[in-house]
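Remarks on the structure that follows.
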Amino acid sequence: MNWDLFPQFLATGLLTGGIYALIALGLVLIYKSSRVFNFAQGHILMLGAFVAWWFTENLGWSIWLAFGATIGVAVLVGLLIERLALRPLIGQPILATVMMTLALSQVLQGAVILFFGANQRSLPMMFPLQPVILGDVRLKLNLVLAFGMAMLGFLLFVLFFRYTRWGLAMRAAAEDHQLAQSVGLRVPRIFGLAWAIASVVAIVGGVLLASISGVETNLAIIALKAFPAVLFGGLESIPGAIIGGLTVGVIESLVGGLPQDAAFRALHLGDIAPYVFMLLVLLVRPDGLFGLKRIERI
Amino acid sequence: MTWRQGESSPCLPFSLSPCRLKCMLKLNNIEVVYSDVILVLRGVSLEVGDGQIVALLGANGAGKTTALKAISGLLRTELGQVTRGSIEFDGARLDRLGPEDIVERGIVQVLEGRRLFAHLTTEENLITGALSRRNGASVKRDLEMVYDYFPRLRDLRGRVSGYLSGGEQQMVVIGRALMAHPKVMLLDEPSLGLAPLIVEEIFQVIKKINQQEKTSLLLVEQIAQAALGIADYGYVMESGRVVLDGPADKLRDNEDIKEFYLGLTQLGERKSYREVKHYKRRKRWLG
């Protein structure tokens, strides 16, 4: 162990964790509004990265233009998935819907390989590569800025959720579907909105990740890190998503980076640690840290 | 007084009909089935006139709530459907519309049991009632209107509604329905689980809303006396049928009704069910 490097790995972990938090937000949002755990979240993210790559490679767009256009695609993808795959299952057992998201993940995986090929690609740089030095800690500027964008996205969403009519409608529908319908809210539309936003945050996270580590089908698996994040934070909690995301990033970074023994590192424990952590959390607190407590008056 | 046997003669003598002025809402002989097999309403007809309060009374399981849900369209969220008959509102058919469209047309149901969005604040709960309206501009004014009806809510506007008292929650729920500017409000047991004093207060506000906003009300109640006290007309349901109807004051004074449908025995003694059954049968023969 080299404790001198601790701040370095901690900071790197926090920055990556910010992106996990954004992806986790999408999961929380869909779970909150429709009680569905979206197993396809990682694959939507991967699709976004490939679409952004396609825009830059085949249409010659700049990365920022491609980024904007990919967000547009994300909205469409979210709305289409909700309309075509999820809405017909309203009223069916929740397991059917969850299986549907699993099926979706496989379909998306296949579609991406079919259209874009399975080769690893790379996006043009979104941010300059120079290092940022804070005392002992050296950080990559692109990671810092990606973290900043992820947090900005998170903040925008929280403001939307808190202060707009649609945000209020979403919070209401998340609590009680029948009651929401009784006051005239169109619940299927609200689901559509939830899927659209979840796709957007996934795809923003995907492009940010891909701009750092490359475009590949493996991105879907990297996004799986958001699962322990939401389970730690509580499936229904938005603050939980951010805390869970950061925690998972830090655990991954510390466990993967701190031990200096080469044989130990070869085990890639950093990839496994978040899931071990998830298991422990589930044993102690099945609802996660901020899982929703039902308000009951006595 | 019109006694009815099953589905016979849904027509009322003109002078007694609640729709003397203008009919807002009309149920024509509707039949409701849950899950394709459970027959819950077997031919219910009732009318709510413009600006009227109509009470819908009856024992538990008589089908009162189902009748309200049939009107508001919420039936379909519970696998129920109107299989026969029709529901008309302002001259148009309602029974094929979804609950959201029905709210948009001006009918809002206040669900039984003070159902609110427990994690939202009082004011957020009220605003959800206005979300279905196209013009969001008047929300502030409408909030003021609700706070005028229920002054207590003004101080509780920022409080998480799940922690309000039962009476306050009932006020939020009625206020939320009011935010949609309904032409007809369907109220399901606003007195449920509340102290008598609060019930009285709430009924007074209901009457006031009816008079000031010209909102027609269809009121389902167990406390028959309170409901008939503010209602213009009343219907009594029993096992999925309307068995009796008439102007509220007549229903209130009628001994038989008090005795057998509304549970208001004068002597304070209990009657056995056998006696009731016997009495009813005799009454039908005589009627």
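Some notes on this structure:
- In degrees, nearest ten, helix A:187-213 long axis to first principal axis of chain A (Cα): 10
- Simple point charges give the picture: +1 on the Cβ of Lys and Arg, -1 on the Cβ of Asp and Glu, and for the protein assembly as shown a dipole about the Cα centre of about 1040 debye.
- Shielding by partners, peptide B:118-125 (average Cβ within 10 angstrom, other chains): 4
- Per-residue mean of foreign Cβ neighbours for A:174-181 is 6 (Cβ atoms of other chains, 10 Å radius).
- Each stretch of four or more DSSP H residues adds -39500 (n - 2.57); spread over every residue of chain A, this sum gives -23000 deg cm²/dmol at 222 nm.
- Area of A:E57 that stays accessible when all protein chains are in place (1.4 Å probe, Å², to 10): 110
- Counting only other chain Cβ atoms within 10 Å of each residue's Cβ, the peptide A:183-193 averages 5.
- Of all DSSP-defined beta bridges confined to the protein assembly as shown, some 65% are antiparallel rather than parallel.
- Dipole of the protein assembly as shown, positive end: most advanced residue of A:G249, B:I206, B:V160 [Cβ charges, Cα centre]: B:I206
- For B:G246, residues with placed amide H under 5 Å, excluding near neighbours: B:G234
- Derived scalar couplings between HN and Hα for segment A:55-72 equal 4, 6, 7, 8, 9, x, 6, 6, 4, 6, 5, 4, 4, x, 5, 5, 5, x Hz in order, rounded to whole Hz, by the Karplus curve 6.51 cos²θ - 1.76 cosθ + 1.60 (θ = phi - 60°), x for Gly and Pro.
- Residues whose placed amide H lies under 5 Å from that of B:L56, excluding near-sequence neighbours: B:L219, B:V220, B:E221, B:Y235
- Given in Å, the Rg to one decimal and the Dmax to the nearest whole number for the Cα atoms of the protein assembly as shown are 29.9, 100.
- Counted residue by residue at 0.36 nm each, then reduced by the alpha carbon distance between them, the extension gain from A:L269 to A:A96 reaches 58.9 nm.
- Unsatisfied cross-links (Cα-Cα over 18 Å) in the set B:K64/B:K250; B:K183/B:K208; B:K26/B:K64; B:K183/B:K214; B:K22/B:K69: B:K64/B:K250; B:K22/B:K69
- Order by protection proxy (mean Cβ within 10 Å, highest first), peptides A:99-106, A:145-152: A:145-152, A:99-106
- Gyration tensor (alpha-carbon) shape descriptor, segment A:159-298, a/c threshold 1.5: oblate
- Protein heavy-atom surface of the protein assembly as shown, 1.4 angstrom probe: 59% of the accessible area is carbon and sulfur, with nucleic acids and ligands not counted.
- Considering only A:G167, A:T101, A:F67, and ranking their Cα positions along the charge dipole of chain A that arises from unit charges at the beta-carbon of Lys, Arg, Asp and Glu, the one farthest toward the positive end is A:G167.
- Projected-area average for segment A:3-284 over all orientations - Cα convex hull basis, square nanometres: 16.0
- Measuring r between the beta carbons of A:V107 and A:L280 and using R0 = 30 Å, the FRET efficiency lands at 0.35.
The values are calculated or read from the model by the stated rules, or taken from the named source; none is laboratory data. Treat the numbers as computed from the prediction; the structure is a model and nothing was measured. Heads up, the Cβs are rebuilt from the backbone with ideal geometry, glycines too, and the neighbour counts pull from every protein chain shown. For accessibility, only protein heavy atoms count, side chains too; no ligands or nucleic acids. Shrake-Rupley method; radii C 1.70, N 1.55, O 1.52, S 1.80 Å.
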